[in-house]
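*Asks:* The structure follows.
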Amino acid sequence: MESETRSEPLYSGGKTSYSETIGTERRYAGFWIRCGATLLDGVCLQTVFIIVHLLLGYSLLEPPSAVSLIESLLAGVYYIVMTVIWGQTLGKMATGIKVIRNDGTPNTWGIIILRETVGKFVSSIILCVGYMMAGWDGKKRALHDRMFATRVVKVNK
């Protein structure tokens, strides 16, 4: 049998894939490095929130409900804006990983908003199994990556 070669990218929209763009194979980021990035993001966000609590005189252990709600919304905005604009949060930058689309096209507001809200909610509802999937999936995809056609890859430094 003859092998078939493709002269055009797999993505039919005319754009090249991530690996074709940078000329290397994708190196997927697994569970532990993604977990480390999330922990770093949490430390960054909590540091900011603690400083705000201290400046405004709120209790660190029992802040008003409105303050907790605002902090949750700000954390969501942080993850969404950073991922759409740079493909990385501060934690992902520190660990050298990035969120990309499967087909290599840029991250869009709609996809990332859904990934960071609906997707991560679904990934967490049954004992966080959706997150753990990144540990045993061949392409290291969590459930929210599968749902919204994204990958987390290691960035060449």
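*Asks:* Could you grab me the full set of residues in the stretch 119-149 that are without any contact (Cβ under 8 Å) to a residue 40 or more places away in the chain, of a type in the set (A, V, I, L, M) and either loosely packed, with under 14 Cβ neighbours inside 10 Å or under 16 Å from Ala37 (Cα atoms) (or both)?
*Replies:* Answer for the stretch 119-149, where residues must be without any contact (Cβ under 8 Å) to a residue 40 or more places away in the chain, of a type in the set (A, V, I, L, M) and either loosely packed, with under 14 Cβ neighbours inside 10 Å or under 16 Å from Ala37 (Cα atoms) (or both): Val122, Ile125, Ile126, Leu127, Val129.
*Asks:* Would you check if Ile113 is within 11 Å of the chain's Cα centre (by Cα) and aliphatic (A, V, I, L, M)? Lay out the reasoning, then the answer.
*Replies:* Values: within 11 Å of the chain's Cα centre (by Cα): yes; aliphatic (A, V, I, L, M): yes.
Taking the combined requirement at face value, the residue satisfies it.
*Asks:* What helices (runs of 4 or more DSSP H) lie completely within the stretch 20-97 and have 1 or more residues being modelled with pLDDT under 95?
*Replies:* 31-56, 65-85
*Asks:* Only one of (1) surrounded by fewer than 18 Cβ atoms within 10 Å (Cβ to Cβ); (2) touching a Lys or Arg at 6+ places or on another chain (Cβ under 9 Å); (3) touching a residue at least 60 places away in the same chain (Cβ under 8 Å) is not met by Trp86, so which one is it?
*Replies:* (3)
*Asks:* Do the conditions hold for Val155, that is, is it β-branched (Val, Ile, Thr) and farther than 17 Å from Ala37 by Cα?
*Replies:* No: the conditions fail for Val155.
*Asks:* Here's another thing I want to ask about it. Does the stretch 40-60 contain any residue that is under 15 Å from His144 (Cβ atoms), in contact (Cβ under 8 Å) with a residue 24 or more places away in the chain and either in contact with an Asp or Glu (Cβ under 6 Å, 6 or more places away or on another chain) or of a type outside the set (Phe, Trp, Tyr) (or both)?
*Replies:* Scanning the stretch 40-60 turns up no residue that is under 15 Å from His144 (Cβ atoms), in contact (Cβ under 8 Å) with a residue 24 or more places away in the chain and either in contact with an Asp or Glu (Cβ under 6 Å, 6 or more places away or on another chain) or of a type outside the set (Phe, Trp, Tyr) (or both).
*Asks:* Given (1) surrounded by 11 or more Cβ atoms within 10 Å (Cβ to Cβ); (2) of a type outside the set (D, E, K, R); (3) more than 19 Å from Thr150 (Cα to Cα), where does Cys35 come up short, assuming only one miss?
*Replies:* Only one criterion in (1) surrounded by 11 or more Cβ atoms within 10 Å (Cβ to Cβ); (2) of a type outside the set (D, E, K, R); (3) more than 19 Å from Thr150 (Cα to Cα) is unmet by Cys35, namely (3).
The values are calculated or read from the model by the stated rules, or taken from the named source; none is laboratory data. Bear in mind that the values here come from a model prediction, so they are computed numbers and not experimental data. Glycine also receives a Cβ, built like all others from the backbone with ideal geometry; neighbour counts cover every protein chain displayed.
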